[in-house]
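Undergrad: Quick one: the structure is below, questions incoming.
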Amino acid sequence: MSVPKHIFQMILSGESETLDFKKTITSVSKIAKTMVSFANHKGGKLLVGVNDNGTISGVRSDEEKYMLDMAAGFFCKPAIEIAIEEWEFEGKTILEVSIPKGEHRPFAAKDEDGKWWVYIRVKDESLLASKVMVDVLRKQNSNEGVRINYSSQEKALLDFLTSNDRITVKELCNMLNIARWRAQRMLVNLVSIGVVRVHNTEKTEFYTL
């Protein structure tokens, strides 16, 4: 089928937190990483056969479909139900892959060594999730409510963030003189109820109000 208008609109908008371009599928484990990052976020789309700069290169659809199905079914845990549509443009094939927002988060991807890792989507990148973020995803997916013990430690953290831009787990441990696991548990609860916001980057993770 010829390429519909919405595909060109997505290409023009560029990669984002819900859209990723792939020239081709070179690794099942790498594409699984992108899939779980979408499933752990808002869901998203992959356009396979499209270069990073938005030009259309096309793919061999049968081979790409096989690798996509393999990634979703065997390299994602839980398995992800993807939908693949095939489009033609000037003799070139584009695959539109839809990844839904996951109902059983956190999702993990298996790497080439057989280890499972949780990834999240940040802007146009798929980043490794921290322990705090994994626990937040798990808590958000749970039917149980979040009980907060608003102690002097929580008050100290919120007072600090009221007059400072950000804080890291290490800084919180030093400020309150508490163990890392206790600081992480506090942050998980506060992030889960929307009081504190987590910011993920490749270098470090920090928290703001």
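The values are calculated or read from the model by the stated rules, or taken from the named source; none is laboratory data. Everything quoted here is computed from the prediction, not taken from an experiment. We place every Cβ from the backbone using ideal geometry, glycine too, and count neighbours over all the protein chains shown.
Undergrad: Considering every residue within segment 50-69, establish whether at least one is of a type in the set (A, V, I, L, M) and more than 21 Å from the chain's Cα centre (by Cα). Write out each step before concluding.
TA: From segment 50-69, those of a type in the set (A, V, I, L, M) are 50, 56, 59, 67-68; that's our starting set.
Checking the rest, the ones that are also more than 21 Å from the chain's Cα centre (by Cα) come to 56, 59.
Within segment 50-69, one or more residues are of a type in the set (A, V, I, L, M) and more than 21 Å from the chain's Cα centre (by Cα).
Undergrad: Confirm whether residue 31 is outside any loop (DSSP other than H, G, I, E, B), at pLDDT below 95 and β-branched (Val, Ile, Thr).
TA: Numbers: outside any loop (DSSP other than H, G, I, E, B): yes; at pLDDT below 95: no; β-branched (Val, Ile, Thr): yes.
So residue 31 does not fit the description; no.
Undergrad: Taking only segment 196-209 into account, find how many residues are surrounded by fewer than 16 Cβ atoms within 10 Å (Cβ to Cβ) and either touching a Ser or Thr at 6+ places or on another chain (Cβ under 8 Å) or touching a residue at least 40 places away in the same chain (Cβ under 8 Å) (or both). Give the steps one after another, and end with the answer.
TA: Initially, segment 196-209 is screened for residues surrounded by fewer than 16 Cβ atoms within 10 Å (Cβ to Cβ), giving 197, 199, 201-204, 208-209.
Then drop every residue that is not either touching a Ser or Thr at 6+ places or on another chain (Cβ under 8 Å) or touching a residue at least 40 places away in the same chain (Cβ under 8 Å) (or both), which leaves 197, 199, 201-202, 204, 208-209.
Looking only at that region, the number is 7.
Undergrad: Here is a further query. Identify, by number, the condition in (1) farther than 26 Å from residue 41 by Cα; (2) touching a strand residue (DSSP E or B) at 6+ places or on another chain (Cβ under 8 Å); (3) aromatic (Phe, Trp, Tyr) that residue 150 doesn't meet.
TA: For residue 150, the failing item is (2).
Undergrad: Does segment 115-131 include one or more residues that are assigned to a loop (DSSP other than H, G, I, E, B) and over 26 Å from residue 15 (Cβ atoms)?
TA: Residues of segment 115-131 assigned to a loop (DSSP other than H, G, I, E, B): 115, 123-124, 129-130.
With the extra rule that they be over 26 Å from residue 15 (Cβ atoms), the set shrinks to 115.
Checked segment 115-131: at least one residue is assigned to a loop (DSSP other than H, G, I, E, B) and over 26 Å from residue 15 (Cβ atoms).
Undergrad: Moving on. Confirm whether residue 20 is of a type in the set (D, E, K, R), more than 16 Å from residue 93 (Cα to Cα) and over 15 Å from the mean Cα position of the chain (by Cα). So that I can check it myself, show each step before the final result.
TA: Values: of a type in the set (D, E, K, R): yes; more than 16 Å from residue 93 (Cα to Cα): yes; over 15 Å from the mean Cα position of the chain (by Cα): no.
No, not satisfied.
For (1) assigned by TED's automatic domain parsing to the domain that holds residue 28; (2) closer than 28 Å to residue 20 by Cα; (3) not aromatic (Phe, Trp, Tyr), each residue gets a yes or a no:
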site: 115; (1), (2), (3): yes, yes, yes
site: 120; (1), (2), (3): yes, yes, yes
site: 149; (1), (2), (3): no, no, yes
site: 166; (1), (2), (3): no, no, yes
site: 170; (1), (2), (3): no, no, yes
site: 192; (1), (2), (3): no, yes, yes
site: 199; (1), (2), (3): no, yes, yes
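Undergrad: Does residue 103 qualify as being outside the structural domain of residue 201 (by TED's automatic domain parsing), in contact (Cβ under 8 Å) with a residue 24 or more places away in the chain, among the charged types (D, E, K, R) and out of contact with any helix residue (DSSP H, G or I) (no Cβ under 8 Å at 6 or more places or on another chain)?
TA: Numbers: outside the structural domain of residue 201 (by TED's automatic domain parsing): yes; in contact (Cβ under 8 Å) with a residue 24 or more places away in the chain: yes; among the charged types (D, E, K, R): yes; out of contact with any helix residue (DSSP H, G or I) (no Cβ under 8 Å at 6 or more places or on another chain): no.
So residue 103 fails the test.
Undergrad: Also, quick follow-up: If I ask for residues that are crowded, with 20+ Cβ neighbours inside 10 Å and in a loop (DSSP other than H, G, I, E, B), which ones from segment 10-28 would you list?
TA: 25, the sole residue that qualifies.
Undergrad: Counting only residues that are surrounded by fewer than 13 Cβ atoms within 10 Å (Cβ to Cβ) and in contact (Cβ under 8 Å) with a residue 12 or more places away in the chain, how many does segment 157-181 have?
TA: Here is the first cut: in segment 157-181, the ones surrounded by fewer than 13 Cβ atoms within 10 Å (Cβ to Cβ) are 159, 162-165, 170, 174, 177, 179-181.
Still in the list and also in contact (Cβ under 8 Å) with a residue 12 or more places away in the chain: 162, 165.
Looking only at that region, the number is 2.
Undergrad: Does residue 84 satisfy the criteria of being part of a loop (DSSP other than H, G, I, E, B) and either among the β-branched types (Val, Ile, Thr) or closer than 12 Å to residue 68 by Cβ (or both)? Spell out the reasoning first.
TA: Values: part of a loop (DSSP other than H, G, I, E, B): no; either among the β-branched types (Val, Ile, Thr) or closer than 12 Å to residue 68 by Cβ (or both): yes.
No.
Undergrad: Is it the case that segment 54-71 has a residue that's part of a loop (DSSP other than H, G, I, E, B) and among the acidic types (Asp, Glu)? Show your work before the answer.
TA: Let us first name the residues in segment 54-71 that are part of a loop (DSSP other than H, G, I, E, B), namely 54-55, 57-60.
The next check asks that each one be among the acidic types (Asp, Glu); those that pass are none.
Checking segment 54-71: not a single residue is part of a loop (DSSP other than H, G, I, E, B) and among the acidic types (Asp, Glu).
Undergrad: Out of 103, 88, I need the residue that is modelled with pLDDT under 95 and surrounded by fewer than 13 Cβ atoms within 10 Å (Cβ to Cβ). Which one? Spell out how you get there, then give the answer.
TA: On the way: 88 fails: surrounded by fewer than 13 Cβ atoms within 10 Å (Cβ to Cβ).
The match here is 103.
Undergrad: Continuing with this model, one more query. If you check residue 54 against the conditions, is it within 20 Å of residue 123 (Cα to Cα), surrounded by 15 or more Cβ atoms within 10 Å (Cβ to Cβ), small (Gly, Ala, Ser) and without any contact (Cβ under 8 Å) to a residue 60 or more places away in the chain? Quick ask: steps written out before the conclusion?
TA: Details: within 20 Å of residue 123 (Cα to Cα): yes; surrounded by 15 or more Cβ atoms within 10 Å (Cβ to Cβ): yes; small (Gly, Ala, Ser): yes; without any contact (Cβ under 8 Å) to a residue 60 or more places away in the chain: yes.
Yes: the conditions hold for residue 54.
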